[in-house]
Amino acid sequence: MEKIEFVESRKEMEELLRAEVIGYLGLSDNGRPYVVPLNYAYVDGRILFHGSFTGKKMDCLKANPQVCFTVAWQSPGVRRHGEGDPCHVDSDSVICYGVARVIDEPEERKAVLDEFNYCFRPNADAISLESALKCSAVEITIAEMTGRREREGERIYWRHTFQT
């Protein structure tokens, strides 16, 4: 197994978190892994998403708010290689570890939903409080994130721990 040396860096991982629109939320469902793809927004060390008030995802979050969230990018196509040569694809990935919080207070939920909305539509109008009451909002506060970039077979590993 190769020895991994991490570079302390937040910038590259945040670039990927801002560039991608689908992430994978890792939860625990009574001790069993449960991963949900979802659209999200990354804002200042936080992952934001919205959805229904009920369902398996919300049940898992309420039972255990410790979560893992990951995004990845991969170049199209695998490069051809000779016999015995390792296969290669340029790729980036980020794994975030943190705590999820369902936003219950209506004014705070509205603010979080606006932040989410502005990431996709910067010139959007603020949503109404009435609309915010019809939609859940969740904020993941990231404690640590790790990442990897691979180009031409060379790998760089990143790590950043957020101050609490």
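Between Ala72, Ala19, Ala41, the GNM of the chain built on Cα springs shorter than 10 angstrom shows Ala19 fluctuating the most. Under 10 Å, Cα contacts only: if you run a Gaussian network model on the chain, which one of Leu25, Leu16, Leu129 comes out with the highest mean-square fluctuation? Residue with maximal mean-square fluctuation among Leu25, Leu16, Leu129: Leu129. With a simple spin-label model that places each label point 7 Å from the Cα along the Cα-to-Cβ direction, the separation between Val89 and Asp44 comes to 3.6 nm.
Straight-distance candidates among the lysines for linking to Lys3, with alpha-carbon spacing under 29 Å and chain neighbours fewer than 8 residues away dropped: Lys11. How much net charge surrounds Gly45 when only other residues with a Cβ under 10 Å from its Cβ are counted (Lys, Arg +1; Asp, Glu -1)? Cβ neighbours under 10 Å give a net charge of 0.
Stretched out straight at 0.36 nm per residue, the stretch from Glu154 to Tyr24 would grow longer than its current Cα-Cα span by 44.3 nm.
Computed with a 1.4 Å probe over protein heavy atoms only, the accessible surface of the chain comes to 61 Å² per residue. Among Ile127, Ile22, Ile140, the residue with the largest mean-square fluctuation in a Gaussian network model of the chain, with springs joining Cα atoms closer than 10 Å, is Ile127.
For the chain, give the percent of accessible area contributed by carbon and sulfur heavy atoms, probe 1.4 Å, rounded to a whole number. That share works out to 51 percent. For segment 1-80, the Kirkwood estimate of the hydrodynamic radius, built from every pair of different alpha carbons, is 14.9 Å.
Within segment 12-61, which chymotrypsin sites (Phe, Trp or Tyr not before Pro) sit in a loop by DSSP and count at most 10 neighbouring Cβ atoms inside 10 Å?
Phe53
Each of Phe53 and Lys11 was given a label point 7 Å from its Cα along the Cα-to-Cβ line. The distance between the two points is 4.5 nm. When only alpha carbons of the chain are considered, Rg and Dmax amount to 17.9, 62 Å.
The values are calculated or read from the model by the stated rules, or taken from the named source; none is laboratory data. All figures in this text were calculated on a predicted structure; none of them were measured in a lab. Quick reminder, even Gly has a Cβ in these numbers, built from the backbone with ideal geometry, and neighbours come from all protein chains shown. For the accessible areas, the whole protein counts, side chains as well, though only heavy atoms, and no ligand, DNA or RNA atoms are used. Shrake-Rupley method; radii C 1.70, N 1.55, O 1.52, S 1.80 Å.
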